[in-house]
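Asks: Pasting a structure here, questions to come.
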Amino acid sequence: MKAYVIVNVDVHDRDRYPEYVKLAPISIQEHGGRYIARGGRTEKLEGKAWEPKRVVLLEFPSYEQAKAWWSSQMYAGPKQLRQACARTEMILVEGCEPVI
């Protein structure tokens with residue numbers, strides 16, 4: 001079953017963040033993941049608490065592969081860089097079988 005990593009990134013070091021943007025895709029692809037959305041236009045449709053900044057949506061073949069990517073040695077360096085130059089909220093959600 002596919003899994004999705006949903007990320008909201010508030011970049012505070014715009015000089016260093018582009019380096020993360022170059023490094024992260026290598027580890028994502030190596031773990032079977034791909035970008036579905038990456039910092040495109042956003043619009044809040046409902047709710048008051050969430051103010052999305054840079055939203056990223058990753059798709060992985062499975063929940064386990066997504067977790068393996070996030071905790072991998074390959075992603076450790078890029079993750080540390082991201083954490084140093086941005087505030088991030090990130091969740092992992094398991095997909096479902098198509099309803100329609």
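No value in this document is a laboratory result; all are computed from the given coordinates. All values reported here derive from a predicted model rather than from experimental measurement. Cβ sites come from the backbone with ideal geometry, for glycine too, and all protein chains shown count toward neighbours.
Asks: If the requirement is being surrounded by 14 or more Cβ atoms within 10 Å (Cβ to Cβ) and more than 16 Å from residue 8 (Cα to Cα), which of these qualifies: 29, 73, 65?
Replies: 65
Asks: Filter region 15-36 down to the residues that are basic (Lys, Arg) and in contact (Cβ under 8 Å) with a residue 40 or more places away in the chain and list them by number.
Replies: If the condition is that a residue be basic (Lys, Arg) and in contact (Cβ under 8 Å) with a residue 40 or more places away in the chain, then 16 is the only one that fits.
Asks: Just wondering, is there one or more residues in region 23-42 that are more than 9 Å from the chain's Cα centre (by Cα), within 12 Å of residue 82 (Cβ to Cβ) and charged (D, E, K, R)?
Replies: Looking through region 23-42, none of the residues is more than 9 Å from the chain's Cα centre (by Cα), within 12 Å of residue 82 (Cβ to Cβ) and charged (D, E, K, R).
Asks: Further question: Looking at region 34-41, is at least one residue part of a helix (DSSP H, G or I), over 15 Å from residue 90 (Cα atoms) and in contact with a helix residue (DSSP H, G or I) (Cβ under 9 Å, 6 or more places away or on another chain)? Even if it seems obvious, please write down each step before you answer.
Replies: As a first pass, look at region 34-41 and keep what is part of a helix (DSSP H, G or I): none.
There is no residue in region 34-41 that is part of a helix (DSSP H, G or I), over 15 Å from residue 90 (Cα atoms) and in contact with a helix residue (DSSP H, G or I) (Cβ under 9 Å, 6 or more places away or on another chain).
Asks: Just for region 1-26: of the residues that are outside any strand (DSSP E or B) and among the hydrophobic types (A, V, I, L, M, F, W, C), which one is surrounded by the fewest Cβ atoms within 10 Å (Cβ to Cβ)?
Replies: Among those that are outside any strand (DSSP E or B) and among the hydrophobic types (A, V, I, L, M, F, W, C), it is 1.
Asks: Can you give me the number of residues within region 83-97 that are closer than 28 Å to residue 1 by Cα and not polar (S, T, N, Q)? Lay out the reasoning, then the answer.
Replies: In the first step, residues of region 83-97 are kept if they are closer than 28 Å to residue 1 by Cα; the result is 88-97.
Filter once more, so that each one left must be not polar (S, T, N, Q): 89-97.
The total comes to 9.
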